[in-house]
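Read the figures in this text as sums done on the coordinates, not as results from a lab. What you are looking at is a predicted structure, and each value in this text was computed from that prediction instead of being measured. Using ideal geometry, Cβ is built from the backbone for each residue, glycine included, and neighbour counts are taken over all protein chains shown.
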Amino acid sequence: MPYPRSSAAIEVAVEAIANGHPTVCTRSLLTNPTHQGRRVSCLKIGKPSTTGAGRYVVVLTGGVHGREWAPPDALVSLVDRLLTAYQAGTTMPIPAFTDLDSVPPVTYPAAQIPARDVRGIVEELDLYVVPLVNPDGRATSQAREADKDWRKNRSAAPTGSACEGVDLNRNFPFPGDYQVYYNVAAESDVSASKDPCDIDNYVGTALEPEVRNVMELFTPSPVDYFVDVHSWARKILHPWAVDGNQAEPARTGENWHNPVWNRGGTTKGRDGAPGGPYDEYFPNQDPHRLLDAHDLLGKVMRDAILDAAGPEVRAFSRSWYDVEQAADLYPAPGTSMDWAFSRNIDPSLTPPLARPLYTFTIECGSEENGEGGWHPPVELYPKIEREIHLAVMALLAWAAMLPGP
Amino acid sequence: MTQIVWISGSQSALRAAHLLQVNGLQLAIHSVRTLPSGERRIAGYATDDAMAWLQQQQGLTVQVVVDAGTLAEQTHTLFGQITRAPGEPHDTEAT
């Protein structure tokens, strides 16, 4: 069991996967090196089309936060198992796992991803996987125990500060300056900071290279599904993270690009509280019904995890992932998920997206039942890994099953 | 020492505490849950100082989920498991 791999070991594994499956998998280096000079790999999986038919495009990312150790390893093993099964023409195995630390032990039974789903995913989708977006952050988190909770990248300290690093999942260009978007009262409840020494949520002053790497995956080709895997909360989140959701046609004006709602506008800024005076508009009209579709797809992923948990009541309860919008007690600006979703209704995007883009954040694992929060112990990691595999494979199988675009 | 804690209370009590600004407290933001009582609960990593501060706040209940000793033991075990790629330098110091 290689977990937890170092940043360089993730790269070695990614290269080995691409070398082992050259007809259906290619590895490329994303454009922007990190601040410490590391390169970030992307795996493209998909059998080249012989018909020229369109395909849905899926982007999976992990390792945005250095301290979240499980997702990069799990995305690497997911691709490895998917392609191994495809080459063999077999089902993709989800191994059984027994949690021996529980008394009595809890067993999660083996499961199989059907061979037709494996084939459909490889032959009907264009799948891009970036297992480790922030290798500098991971290297820092794994270098010494004092830094194990390092979350940010290793951006140089700005002038006048001794503190390095930007929270990459507060650095995406949506909805813009949070001190413009939110009102003064909401600001202290927002998960964002302009203090470089904030160890978690410093938003930075410019787009970070790791963020630009992710953004470049969305152009020029359209993306249909985006999943960013984080830890931990046992939740499957969909937009919005910035504020509450509402889908009322009469309230389309409650959107991030409407300056009336800015702090400098007539309303003096947004409240950041779901159900408050302002909630971000989330379109839900026919034919795509985006809000309903996000809820549905989130539950498809949740149910895939639950279905594989088996009959044991503890296994079931420990496999339960809430499906909900990301904004809850503390709203968050600048997340990859919100930025990607905003492209659905971004008036500055020319041309506008031709197809809907569905975006999710999986918060895998828990602090309960010995799962270890950001650092799942080696003994429990297989449980987290199988949950990521089951959820992501359910989404991929769904996308592969649909008639092509 | 750091421990994992659950902090629960009414939404207004949690907001009033401005937990995001407490030194030594790292919240897992998306761990927020609504309890059957209607109260909200959020988990986080708290130093001893942060714990002492939390326990003085009215309207909040603080419960240790993973004690400092267990958490330290898990971390120690994990650091022994990190695999390095061939030739990879050992990042002993953040640069």
task = Arrange A:124, A:145, A:68 by Cβ neighbour counts within 10 Å, fewest through most, would you?
result = A:145, A:124, A:68
message = Placing unit charges on C-beta atoms (Lys and Arg positive, Asp and Glu negative, everything else neutral), compute the dipole magnitude of region A:285-405 about its Cα centre in debye, rounded to 20.
response = 400 debye
request  = Calculate the all-directions average of the projected area of chain A's alpha-carbon convex hull, and give it in nm².
outcome  = 20.0 nm²
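Using Cβ counts within 10 Å as a stand-in for footprinting exposure, how do B:18, A:257, A:294 rank, fewest first? Kindly include the intermediate steps, with their values, before the conclusion.
Details: B:18 10, A:257 14, A:294 24.
The order, fewest Cβ neighbours first, is B:18, A:257, A:294.
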note = Under a Gaussian network model of chain A whose springs join Cα atoms within less than 10 Å, the largest fluctuation of A:53, A:143, A:186 belongs to A:53
inquiry  = Can you compute log10 of I(q)/I(0) for region A:289-337 with the Debye formula, treating each Cα as one identical point scatterer, at q = 0.13, 0.21 Å⁻¹?
reply    = -0.43, -0.83
request  = Treat every Asp and Glu Cβ in chain B as -1 and every Lys and Arg Cβ as +1, leave all other atoms uncharged, and give the resulting dipole magnitude about the Cα centre to the nearest 20 debye.
outcome  = 520 debye
task = Assign one of three labels to region B:5-59, namely rounded, prolate or oblate, based on the Cα gyration tensor with a ≥ b ≥ c the square roots of its eigenvalues; rounded applies when a/c is under 1.5, prolate when it is not and a/b is larger than b/c, and oblate otherwise.
result = prolate
key: Convex hull per residue volume in Å³, alpha carbons only, for region A:105-234   = 193 Å³
query = When we measure straight from the Cα of residue A:44, which lysines land under 30 angstrom away, once same-chain ones fewer than 8 places off are left out?
reply = A:152, A:235, A:299, A:383
ask   = In whole Å, what is the distance between the alpha-carbon centres of region A:101-150 and region A:350-381?
value = 9 Å
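May I ask you to sort A:180, B:62 by Cβ crowding, counting other Cβ atoms within 10 Å and putting the fewest first?
Placing the least packed residue first, the sequence is A:180, B:62.
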remark   = By the rule of another cysteine's Cβ lying under 4.7 Å, the cysteines of chain A that fail to get a partner are A:25, A:42, A:364
query = Any idea which of A:340, A:391, A:300 is furthest toward the positive side of the dipole for region A:262-405, if Lys and Arg beta-carbons carry +1 and Asp and Glu beta-carbons -1?
reply = A:340
ask   = What ranking, highest mean first, results for peptides A:361-370, B:20-29 when packing means the other Cβ atoms within 10 Å averaged over each residue?
value = A:361-370, B:20-29
inquiry  = Report D for region A:254-405 in µm² per second (integer): Stokes-Einstein, Kirkwood Rh on Cα pairs, 25 °C, 0.890 mPa s.
reply    = 136 µm²/s
remark   = So for R0 = 30 Å, FRET eff. of residue A:39-residue A:156 from the Cβ-Cβ r, to 0.05, ends up at 0.95
